[in-house]
Structures are given as structure tokens and as C-alpha cells.
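This report concerns only the one structure given below.
Values quoted throughout were computed directly from the atomic coordinates according to the rules given, and no laboratory measurement underlies them. Given the structure is predicted, the values throughout are model-derived calculations rather than measurements.
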């Protein structure tokens, strides 16, 4: 599955593919790269979703990576690897806020 949305001067691309019974997802935009990646999985004993995140030095995508991994894992009951890399030169605070909002919307749309 692949979907994209253009907001302002960036196009965000969300791609997902099944790997066995697991899910691998990337969300990129601008100059594509991997800035952060999160892994989340459903804990069958507690019913909770557990996740962890790692990021490359200087990158700020941790929050959206962990959000995406945990939301998708909770809803699909699968182990989810969610990698994010979005780069826009001279990005403004308003652009960051709009990108973060759109990323969350794209993740929620993926579930439908």
C-alpha cells in the first residue's frame, strides 16, 4: 500500500508492506532518508502495545515514528516497524506543525 499527500512545499509518502505476519512502514518527505525508526508489538499477556524508538543524531522524527508504530500495532495486532525521514531546508515552525498533523492523519487513514 502506498499513499501520498502534498502540503505546502513537501510531499509526504507513506508506504507499507507485510513481511510475514508483521508490517513494515515508511513515511518520507522532502529529501527522503531514515531519521528515526520505531518498533512496536502487541503484548498478548497484558493487552498493551509496547514500543521503542531510535533516531539518527540531529533528527527529530522520533515522536511520529513511535506514534505510527504503536497506533498501527495496537489496531492491527501485528509487530510494526515504522521508519520516518522528512527533511525540508529552512523549515518553519508552522510547516513542522502542519507536517506532524498530516502524518498523524495519514497514519489514521491507513487504518481505514
#### Entry: Considering only the chain, percent of DSSP beta bridges that pair antiparallel, nearest 5
75
### Task
Along each of the three principal axes of the Cα atoms of the chain, give the extent in whole Å, ordering the values from largest to smallest.
46, 29, 22
### Mean residue ellipticity (222 nm) of the chain, computed from DSSP H runs ≥ 4 via -39,500 (n - 2.57), nearest 500
-10000 deg cm²/dmol
### Query
Top mean-square fluctuation among 79, 11, 28, Gaussian network model of the chain, C-alpha springs under 10 Å?
11
### Message
Over the chain, what is the relative contact order in percent, taking alpha-carbon pairs closer than 8 angstrom and at least six residues apart?
### Response
28
### Summary
The alpha-carbon center of region 66-112 and that of region 1-54 are separated, in whole Å, by 7
### Message
As I understand it, the value is the acute angle between the Cα axis of helix 62-76 and the longest principal axis of the Cα atoms of the chain; what does it come to in degrees, rounded to 10?
### Response
40
